[in-house]
1. How big is the shadow of the Cα convex hull of segment 7-70, averaged over all directions, in nm²?
2. Hey, if you put +1 on the Cβ of every Lys and Arg and -1 on every Asp and Glu Cβ in segment 7-70, which of Ala61, Tyr39, Ala26 ends up farthest toward the positive end of that dipole?
3. Hand me the chymotrypsin sites (Phe, Trp or Tyr not before Pro) from the chain located in a DSSP loop with no more than 11 other Cβ atoms within 10 Å, in residue order please.
4. Report the extension gain between Arg44 and Ala68 in nm, rounded to one decimal, defined as 0.36 nm multiplied by the number of residues separating them, less their alpha carbon distance.
5. Treating only the Cβ of Lys, Arg, Asp and Glu as charged (+1, +1, -1, -1), what charge dipole size does the chain show about its Cα centre? Round to the nearest 20 debye.
6. Determine, from the Cβ-Cβ distance of Arg37 and Glu13 and an R0 of 25 Å, the FRET efficiency 1/(1 + (r/R0)^6), rounded to the nearest 0.05.
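Every number in this text was worked out from the coordinates using simple rules, so none of it is lab data. No experiment lies behind these values; they were computed from the predicted model shown. Heads up, the Cβs are rebuilt from the backbone with ideal geometry, glycines too, and the neighbour counts pull from every protein chain shown.
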Amino acid sequence: MRDIFTDAQVEEEIARLLTCDAVKLAKAEQRVLMRRRQYMYSLRTMEKRGKVLMAQGKTLADYDAKEAEEA
């Protein structure tokens, strides 16, 4: 049979788990993995935008020239 927890027991268990080194380690791993995934998604978006710009005939030299003008 499944255990039924009271609200107090749930809060107590959450507090215990938050101090557990194993949970802290798993959370750190998850942060790193999610950060890498988010970076990958950003790069994919940039790739798509870059392909659109390339189809419009834009090059890196165009943007390098714009940066030089602003400096």
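1. Numbers: hull surface 33.1 nm².
Spelled out: convex hull of the Cα atoms, projected over all directions, averaged, 8.3 nm².
2. Ala61
3. On the way: sites: Phe5, Tyr39, Tyr41, Tyr63; in loops: Phe5.
Passing sites in the chain are Phe5.
4. Details: separation 24, 0.36 × 24 = 8.64 nm, distance 2.73 nm.
So the extension gain works out to 5.9 nm.
5. Working: 14 positive and 13 negative charges, 89 e Å.
Using Cβ point charges on Lys, Arg, Asp and Glu, the chain gives about 420 debye.
6. Working: r = 29 Å, r/R0 = 1.16.
Using R0 = 25 Å, I get an efficiency of 0.30.
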